[in-house]
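Engineer: Got a structure here, written out as structure tokens. Questions coming.
Where a number appears in this text, it was derived from the coordinates with a stated rule and is not lab data. Bear in mind that the values here come from a model prediction, so they are computed numbers and not experimental data. Reconstructed Cβ throughout: ideal geometry from the backbone, glycine too, with neighbour counts over all protein chains shown.
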Amino acid sequence: MTHDEAVATFCAVFKASGLDDAVDAVACTPALVASDTCFTTIVDVVCASYGIAQDQLFSKSRVHADARHVVMWLVGETKVSLPKNGKVLRGMHHTSCLHGIRRVQKTEHLLARAGQLLATCKRALGNRVEENRA
């Protein structure tokens, strides 16, 4: 599945949910890693949900830490190793990813939102994101 196909699938899911603003945000977002559809889709879903751009998501600002941690948790659900998780998140150290994943798991509202976004990502990717966390 190409990035454009993944975005089209994602847009169809959100349009069915009545979230046209999120669809417009994703359609205008350039692909970070065109060859990695799963990661790109996760980033697009989180950015649309939080109403932020990719450059804001990957900035050093603490303002968007929750969104960044949710991305870390979702990428972790793809069974990617922590070092690779950090690498795809623009060179973050794997311990930063571990902290973000643990923070999502310990924070009820973040875990609830991450669960909703996981379901969205699964639909957009044809269930290629697998749950592996207890």
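Engineer: Excluding Lys60 itself, what net charge comes from residues whose Cβ is under 12 Å from its Cβ, given Lys and Arg +1 and Asp and Glu -1?
Structural biologist: Spelling it out: positives minus negatives among the neighbours equals +2.
Engineer: Would you calculate the separation in nanometres between label points at Lys106 and Asp55, each defined as 7 Å from the Cα along the Cα-to-beta-carbon direction?
Structural biologist: 3.4
Engineer: Just subtract the alpha-carbon distance of Lys79 and Thr95 from 0.36 nm times their residue separation and send over the number in nm, one decimal.
Structural biologist: So the chain would gain 4.2 nm between Lys79 and Thr95.
Engineer: Could you order the peptides 52-63, 68-79, 86-97 from most to least packed, using the average number of other C-beta atoms within 10 Å per residue?
Structural biologist: Packing proxy ranking, top to bottom: 68-79, 86-97, 52-63.
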